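The values are calculated or read from the model by the stated rules, or taken from the named source; none is laboratory data. It should be emphasised that the depicted structure is a prediction, and the values quoted were computed from it without experimental measurement. So basically every Cβ, Gly included, is an ideal-geometry build from the backbone, and we count neighbours across all protein chains shown.
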């Protein structure tokens with residue numbers, strides 16, 4: 001049963017610290033998405049990659065957030081410096097290659113981030 | 001105006017009840033529609049796609065009204081395990097991404 005994995009599952013840090021979140025997409029999936037979920041805003045798309053190339057990161061605060069895919073099995077999302085307003089659940093999702101748009105996305109369990 | 005709007009609920013229903021959720025979307029170029037389910041403190045998971053002609057999966061029925069730009073989900077014979085948040089999801093033509101509503105919370109009680 002293939003799954004998206006994310007680490008860490010929980011992170012508590014102090015304002016100003018760097019936070020790195022990791023995601024391993026399902027093997028064979030070529031599209032990876034990063035989302036942030038809060039009670040107020042719901043699920044927001046931060047960035048996404050296809051075949052490791054960033055296609056859209058317009059949802060991401062550029063000054064402090066960065067997303068990369070060093071290889072096909074690893075996606076990272078970094079926040080530097082972190083701020084209390086970054087506290088949220090960060091989900092990674094992956095989707096398989098298909099000509100059909102809106103393909104099902106498979107979500108990881110999320111990283112719960114609390115910035116004090 | 002939000003792209004995908006849902007009543008946040010919660011909808012409180014007894015076991016065995018029938019419950020329906022609606023969702024409206026603002027972009028007329030929306031072409032694919034889905035319902036995702038999210039359990040408390042878990043990740044969203046696809047519940048079902050929504051087809052133009054309407055579709056059914058067991059106790060769940062999804063309908064699409066393109067003219068009025070709304071989607072519905074009907075749950076019959078509610079179970080305790082149906083308690084979750086139901087996310088309405090839309091894909092806009094030409095985009096590879098999905099737009100999620102904030103979700104409708106359902107609580108099924110004994």
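Details
- Those residues of region B:93-110 which are closer than 16 Å to residue A:38 by Cα, part of a strand (DSSP E or B) and within 10 Å of chain A (Cβ to nearest Cβ), in sequence order: B:99, B:100
- Each residue in region B:11-37 was checked for being modelled with pLDDT under 95 and either in contact with a helix residue (DSSP H, G or I) (Cβ under 9 Å, 6 or more places away or on another chain) or assigned to a loop (DSSP other than H, G, I, E, B) (or both), and 4 of them qualify.
- Qualifying residue in region B:77-92 (condition: at pLDDT below 95 and either part of a loop (DSSP other than H, G, I, E, B) or exposed (fewer than 15 other Cβ atoms within 10 Å of the Cβ) (or both)): no
- Residue tally, condition under 17 Å from the mean Cα position of the chain (by Cα) and surrounded by 11 or more Cβ atoms within 10 Å (Cβ to Cβ), over region A:13-29: 10
- Of the strands (runs of 3 or more DSSP E) that lie entirely inside region A:21-116, those containing 1 or more residues that are within 13 Å of chain B (Cβ to nearest Cβ) and free of Cβ contacts under 8 Å to residues at least 12 places away in the same chain span A:42-50, A:53-56.
- Within region B:53-73, not a single residue is closer than 23 Å to residue A:97 by Cβ and within 14 Å of chain A (Cβ to nearest Cβ).
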